[in-house]
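Reading through the structure tokens given below for one structure.
The values are calculated or read from the model by the stated rules, or taken from the named source; none is laboratory data. If you're wondering where the values come from, they're calculated on a predicted model, not measured in any experiment. When we count neighbours, we look across all protein chains shown, and the Cβ atoms used for this are built from the backbone with ideal geometry, even at glycine.
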Amino acid sequence: MVFPGSNCDLDVHHAIRLMGQDVSYVWHTETDLSQYDVVILPGGFSYGDYLRVGAIASYSPVMSAIKEFAYQGGLVLGICNGFQILCEAGLLPGALRANEDLSFHCHDIYVRVEDTDTPFSNQLRTGDVLKLPIAHGEGNYFASEEDMKNLRVIFRYSDSQGNRGGNPNGSVDDIAGISNLSGNVLGLMPHPERAMEELLGSRDGRGIFSSIVAYLKERSGISV
């Protein structure tokens, strides 16, 4: 997806091409997503993040198509600003607030894999520690007790050994990424598309994209 203000769309495009898959840019005014297997909402500052992060983008024409796509079981991945948009659109519960220290964080962090039974994590192992970069000022995830019943925690912030800690933004329960209960919609604050090559300091993001490819191949009856 490309919204006015997206700035990680090229990064995602490059990551998908590295996985040997076809990928297209889709403008925010599109209304038909039927030809796609996965929809990815990239990071950036959609519509300048005016009003509230992700708020205006959640009313873009394409969001109706994304909601229908998700309700039909299509895979939807929201990264950073994409995560914020998914929460604003009601596709994921909770909200993203300003970082606890009110500072913008742009550095590598570690996350621990909590749930591997999703299309986005099936090639990972529970307890795996991934080194991924973050770049956000509003990554402080908040969810009510009722919201917590309607989500699955897929990634938690940790230290390099997988121990709890290393939370850069104050997110509740050290949450770095969640899915809906069905597992077909995932939102996470770290940027796996920026951790695809050793030249950039980590290849750990590949596990998420290879999981998507493996899931789709299995769903299509193609040998992985």
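Any residue that is closer than 21 Å to LEU132 by Cβ, among the polar types (S, T, N, Q) and crowded, with 16+ Cβ neighbours inside 10 Å - is there at least one of those in region 17-24? No; the residues of region 17-24 include none that is closer than 21 Å to LEU132 by Cβ, among the polar types (S, T, N, Q) and crowded, with 16+ Cβ neighbours inside 10 Å.
Conditions tested, residue by residue: (1) in a strand (DSSP E or B); (2) farther than 17 Å from ASP174 by Cα; (3) free of Cβ contacts under 8 Å to residues at least 60 places away in the same chain.
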| residue | (1), (2), (3) |
| --- | --- |
| CYS106 | yes, yes, yes |
| ILE109 | yes, no, no |
| ARG112 | yes, no, yes |
| ASP117 | no, yes, no |
| PHE120 | no, yes, no |
| THR126 | no, no, yes |
| LEU130 | yes, no, no |
| ILE134 | yes, no, yes |
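Give the residue, chosen from PRO168, PRO93, that is surrounded by 15 or more Cβ atoms within 10 Å (Cβ to Cβ) and closer than 30 Å to GLU218 by Cβ. Exactly one residue qualifies, and that residue is PRO93. Applying a threshold of 9 Å to beta carbon distances and a minimum spacing of six or more residues, or different chains, the list of pairs starting in region 142-162 at a residue that is more than 22 Å from ASN122 (Cβ to Cβ) and surrounded by fewer than 19 Cβ atoms within 10 Å (Cβ to Cβ) and ending at one that is at pLDDT 95 or above and hydroxyl-bearing (Ser, Thr, Tyr) reads PHE142/SER171; ASP159/TYR110; SER160/TYR110; GLN161/TYR110. When GLY127, GLY162, GLY207 are checked against the criterion of being of a type in the set (Gly, Ala, Ser), within 20 Å of PRO42 (Cα to Cα) and modelled with pLDDT of 95 or more, GLY207 stands alone in meeting it. The requirement of being closer than 23 Å to HIS105 by Cβ, under 18 Å from the mean Cα position of the chain (by Cα) and part of a loop (DSSP other than H, G, I, E, B) is not satisfied by ASN150. Applying the criterion of being crowded, with 20+ Cβ neighbours inside 10 Å and assigned to a helix (DSSP H, G or I) to the residues of region 30-57, the residue that is farthest from the chain's Cα centre (by Cα) is TYR47.
Only one of the listed residues (LEU181, LEU132) is more than 13 Å from the chain's Cα centre (by Cα) and either closer than 28 Å to GLY73 by Cβ or of a type in the set (Phe, Trp, Tyr) (or both). That residue is LEU181. Annotation: of all residues in region 210-224 being β-branched (Val, Ile, Thr) and at pLDDT 95 or above, the one that is surrounded by the fewest Cβ atoms within 10 Å (Cβ to Cβ) is VAL213.
Note on region 67-82: residues that are assigned to a helix (DSSP H, G or I) and touching a residue at least 40 places away in the same chain (Cβ under 8 Å) total 3.
Can you pull out the residues in region 65-81 that are touching a His at 6+ places or on another chain (Cβ under 9 Å) and of a type outside the set (A, V, I, L, M)? Of everything in region 65-81, those that are touching a His at 6+ places or on another chain (Cβ under 9 Å) and of a type outside the set (A, V, I, L, M) turn out to be CYS80, ASN81.
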